[in-house]
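Worksheet: the structure to be examined is printed underneath.
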Amino acid sequence: MADFRSLTPAEAAHRLCSMRDTLLLCHTSPDGDTLGSAMALKKLLCALGGGAEIAAPDKPPEALSPLIRDRILLPGGIDPARYRSVVCVDVASRAQLGELFPLFDGKIDLMLDHHEKSERLSDFCTVPSAAAVGEIVFEIAEILCGEGWFSDLPAGIAEDLYLSISSDTGCFRFSNATAKTHRVAARLLEAGCDGAAINHLLFESRSPEELEAERITLQNIRLLLGGRFGAVLLDRAARGALAAEYFSSAIDTVRSVRGVAVAAAIKEKDGEDGSFKISLRSDGSVNVSDLCAAFGGGGHARAAGCLRRRSAPRWTGRRKIPLDFFPPACYNTLCSVPRYGSGSS
Ligand SMILES: [Mn+2]
């Protein structure tokens, strides 16, 4: 395995200063963090004189379109020879680069990430304590401000970073939103971003399709293992004509059920390859990043995901399904989670 160097945010900032014609790579099913961080980095790189563009393996979700003012290139429309530097943003693994990976295998100059376990794709700056990559990009921007590259944080960058951080903290509700996260958010508001407008778009505004997706989700939630494990299976039959992207908050609906220690959303992907995306959330009693690592996925202790290629699970047995998506070790871990109200904390 290549010997990649771990960089501090200051070292990453200085490396960005020397980059020219940079392509910023986002992860599959791009979310507010990967896109917001990439948009902020693009503005920084352009202000530094190097120029940058953004690419993602899949189209950004429709719901984010009012906040995405940059062109996001897709794998079919990219000429890798045009770029002299490549940076991946919030990408924890090769798999998360989707069709971008073969285009840039071995050509990534820097990875900026905040996952506890990530595959090293190049020299890296990983800060697992950061709630979002946006928090790291904020630190980089502050370093560049301190060195006189900017007089103050531009409002456009503040807006992108707020999008990133609010997305990954579920509007500052998750346990990853630390005191530092709130201080960073305060600085972004002072720099002129409209936090209320961003949060409204992210968390309070839904399309009719998303509303229908919630109805389907509520109809398909199953509670297993005495209610400690909640799961929703969103295969094509359940989703009907609705694309997978409308179900991005299904996992939050499952984890909102009282007593659920581990929540899973199992979504059949839109393509033809019959693969399923599994998202897991934990209340802290199980490290779901470890569970997903067994399938080449990963993430954070309380929020992780992986891909499974196999036929659709069936909700037949009470114990078997959808636990048969997980190896026996995972099943045992899930069984060991104490029951809500059983006295153990
Ligand atoms: Mn992230």
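The values are calculated or read from the model by the stated rules, or taken from the named source; none is laboratory data. From a predicted model like this one, the values you see are computed outputs, not experimental measurements. Neighbour counts are summed over all protein chains in view; Cβ atoms, including those assigned to glycine, are modelled from backbone coordinates with ideal geometry.
See the values below:
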{"read-out": "Subset of segment 8-55 [within 13 Å of the ligand (Cβ to nearest atom), assigned to a loop (DSSP other than H, G, I, E, B) and not hydrophobic (A, V, I, L, M, F, W, C)]", "value": "His27, Thr28, Ser29, Pro30, Asp31"}
{"read-out": "Single residue of Ala141, Ala185, Ala132 found to be hydrophobic (A, V, I, L, M, F, W, C), in contact with an Asp or Glu (Cβ under 6 Å, 6 or more places away or on another chain), more than 17 Å from Ala56 (Cα to Cα) and crowded, with 24+ Cβ neighbours inside 10 Å", "value": "Ala132"}
{"read-out": "Positions within segment 224-234 being out of contact with any helix residue (DSSP H, G or I) (no Cβ under 9 Å at 6 or more places or on another chain) and either surrounded by 15 or more Cβ atoms within 10 Å (Cβ to Cβ) or basic (Lys, Arg) (or both), in sequence order", "value": "Gly227"}
{"read-out": "Condition met for Arg173 (within 16 Å of the ligand (Cβ to nearest atom), without any contact (Cβ under 8 Å) to a residue 24 or more places away in the chain and either assigned by TED's automatic domain parsing to the domain that holds Ile140 or aliphatic (A, V, I, L, M) (or both))", "value": "yes"}
{"read-out": "Residue satisfying all of: in segment 104-118; more than 12 Å from the ligand (Cβ to nearest atom) and surrounded by 18 or more Cβ atoms within 10 Å (Cβ to Cβ); modelled with the lowest pLDDT among these", "value": "Lys117"}
{"read-out": "Residue match in segment 199-217 (condition: in contact with a Ser or Thr (Cβ under 7 Å, 6 or more places away or on another chain) and under 17 Å from Ser37 (Cα atoms))", "value": "yes"}
{"read-out": "Within segment 122-147, tally of residues that are more than 20 Å from His14 (Cβ to Cβ) and either among the hydrophobic types (A, V, I, L, M, F, W, C) or away from the ligand (no atom under 16 Å from the Cβ) (or both)", "value": "2"}
{"read-out": "Residues that are surrounded by 18 or more Cβ atoms within 10 Å (Cβ to Cβ) and in a helix (DSSP H, G or I), drawn from segment 76-94", "value": "none"}
{"read-out": "Residue list for segment 161-186, filter: assigned to a helix (DSSP H, G or I) and more than 16 Å from Ser37 (Cβ to Cβ)", "value": "Ala179, Lys180, His182, Arg183, Ala186"}
{"read-out": "Yes/no for Leu202 being over 24 Å from Leu307 (Cβ atoms) and either touching a Cys at 6+ places or on another chain (Cβ under 6 Å) or of a type in the set (A, V, I, L, M) (or both)", "value": "yes"}
{"read-out": "Candidate set: segment 207-230, residues that are at pLDDT 90 or above and either assigned to a loop (DSSP other than H, G, I, E, B) or small (Gly, Ala, Ser) (or both); chosen: the one farthest from Gly305 (Cα to Cα)", "value": "Ser207"}
{"read-out": "Yes/no for Ala63 being assigned to a helix (DSSP H, G or I) and modelled with pLDDT of 95 or more", "value": "no"}
{"read-out": "Pairs, first over 18 Å from Leu45 (Cβ atoms) and part of a helix (DSSP H, G or I) in segment 125-150, second at pLDDT below 95 and within 16 Å of the ligand (Cβ to nearest atom), C-beta under 8 Å, six or more apart", "value": "Glu135/Val127"}
